[in-house]
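Asker: The structure's right below; bear with me while I get my questions together.
The values are calculated or read from the model by the stated rules, or taken from the named source; none is laboratory data. Computed from a predicted model, the values in this text were never measured in an experiment. Positions of Cβ are backbone-derived with ideal geometry, glycine not excepted, and every protein chain shown enters the neighbour counts. In case anyone asks, the SASA skips ligands and DNA or RNA and just uses the protein heavy atoms, side chains included. Shrake-Rupley method; radii C 1.70, N 1.55, O 1.52, S 1.80 Å.
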Amino acid sequence: RVEFEDGAIRSFIQQYTREAGVRNLERELSGVMRKVARKIANGEKNKSFKIKAEDIQKYLGPIKFLPQLAEVEDTIGMTTGLAVNEAGGEVLFVEVTLMPGKGSIQLTGHLGDVMKESGQAATSYVRSKWQSLGLPERFFHKFDIHVHVPEGATPKDGPSAGIALTTAIVSAFTKIPVRKDVAMTGEVTLRGRVLEIGGLKEKVLAAHRAGVKTVIAPADNQKDLEDIPDYVINDLNFVWVKHMDDVLKVALIR
C-alpha cells in the first residue's frame, strides 16, 4: 500500500537525520507510516500511497538539516576545511578578518585546545614567512587577527584544520582570494610541513556532498584512497601536499 521513491529516501537521510546509525531514520519513516495509517483509518482504504521527495515536508514538517555546500564565490580570508564528527564528515568554514591593532589573535567558534594551538601555529608560520609572502617586515604589529569557525554551538577540535587556518590567514594579509571549489585538511607545523591526519574517507565524502571539486590532503594520506568509493574519486581532483607552499599554490588565486 505504501511505496517510497528513491528521492524520498535521500531526503529523509540528508534533510531529517544526522547520525552514524539508522535509528532516527527509522523514527522518521515510522512518522510517515503513522500518518498514512491515519488516512486509511479515516476512510482512504482503497488508495495506495507513493511517497515522493516533495511530499516529505507535508508529512514531517520543515527540513531539520540543510546541506552544507561549498562557497559560491572566491573569497578573501575564508577557506573550506574538512572535519569528522560522530555522524561522519562535514565541511568546516574558517573565516579570518583583520582589524587595526597591535598583533593579537582571537579564536572563536567553540574551539578545543588543540584547534586553538593550530591557530597559534598558523599565525607563527605566516609571521615567519613575511618575506616570501611579499608582506612588510612589521606587518603583524599593525593588525589584530580574529579567526572564527561558524556554527559556534558545535564543539570543534583537532589539528587537521591547520592548513585551512594558515591559508585563510595568508589570504587575509595578502588580499588574495581563496578558490571556492577547494577544500583542505592537514596538520601544519611551524616550519610549514603538512602532517598526516585521520578520517580521510569521511572528510572526502563530505567534500563530495558539498560540491567541492578539489581536495588538498597530506601526501602521507594517499594510502587511504583505497577506502574511498570509486565514484567519489572519479569526481574529485586530489592534490597531495607535503608543505604549505604546495597548499598555497593550489588554494590561492594568483
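Asker: Filter segment 31-78 for residues that are of a type in the set (A, V, I, L, M, F, W, C), at pLDDT 85 or above, within 30 Å of the chain's Cα centre (by Cα) and open to solvent by 50 Å² or more (accessible area, probe 1.4 Å) and give the result.
Answerer: Ile76
Asker: Additional query: Please find, within segment 1-30, the residue that is farthest from the chain's Cα centre (by Cα) out of those that are more than 30 Å from Val84 (Cβ to Cβ) and open to solvent by less than 80 Å² (accessible area, probe 1.4 Å). Even if it seems obvious, please write down each step before you answer.
Answerer: Residues of segment 1-30 more than 30 Å from Val84 (Cβ to Cβ): 1-3, 5.
Narrowing the set further to residues that are open to solvent by less than 80 Å² (accessible area, probe 1.4 Å) leaves 2, 5.
Details: Val2: 36, Glu5: 29 Å.
Here the residue is Val2.
Asker: Based on this model, can you work out whether Phe93 counts as at pLDDT 85 or above, within 30 Å of Thr174 (Cα to Cα) and either surrounded by 14 or more Cβ atoms within 10 Å (Cβ to Cβ) or not basic (Lys, Arg) (or both)?
Answerer: On the way: at pLDDT 85 or above: yes; within 30 Å of Thr174 (Cα to Cα): yes; either surrounded by 14 or more Cβ atoms within 10 Å (Cβ to Cβ) or not basic (Lys, Arg) (or both): yes.
Against the criterion (at pLDDT 85 or above, within 30 Å of Thr174 (Cα to Cα) and either surrounded by 14 or more Cβ atoms within 10 Å (Cβ to Cβ) or not basic (Lys, Arg) (or both)), Phe93 qualifies.
Asker: Next up: On the given criteria, is Glu44 out of contact with any strand residue (DSSP E or B) (no Cβ under 7 Å at 6 or more places or on another chain), more than 30 Å from Val194 (Cβ to Cβ) and among the charged types (D, E, K, R)?
Answerer: yes
Asker: Show the residue pairs that are 6+ apart or on different chains and have beta-carbon atoms under 7 Å apart, the first residue being within segment 7-28 and more than 19 Å from Ala53 (Cβ to Cβ), the second being surrounded by 12 or more Cβ atoms within 10 Å (Cβ to Cβ) and hydrophobic (A, V, I, L, M, F, W, C).
Answerer: Going by the 7 Å Cβ cut-off, the qualifying pairs are Glu19/Ala87; Ala20/Ala87.
Asker: Can you confirm whether segment 85-108 contains a residue that is basic (Lys, Arg) and under 21 Å from Glu5 (Cβ atoms)?
Answerer: no
Asker: So which residues in segment 88-128 are out of contact with any helix residue (DSSP H, G or I) (no Cβ under 8 Å at 6 or more places or on another chain) and either among the hydroxyl-bearing types (Ser, Thr, Tyr) or in a loop (DSSP other than H, G, I, E, B) (or both)?
Answerer: Scanning segment 88-128 gives Ser104, Thr108, Gly109, His110, Gly112, Ser124, Ser128.
Asker: Continuing with this model, one more query. Of the numbered conditions (1) in contact with a Gly (Cβ under 7 Å, 6 or more places away or on another chain); (2) within 28 Å of Lys175 (Cα to Cα); (3) surrounded by fewer than 17 Cβ atoms within 10 Å (Cβ to Cβ), Tyr125 satisfies every one except a single condition; which is it?
Answerer: (3)
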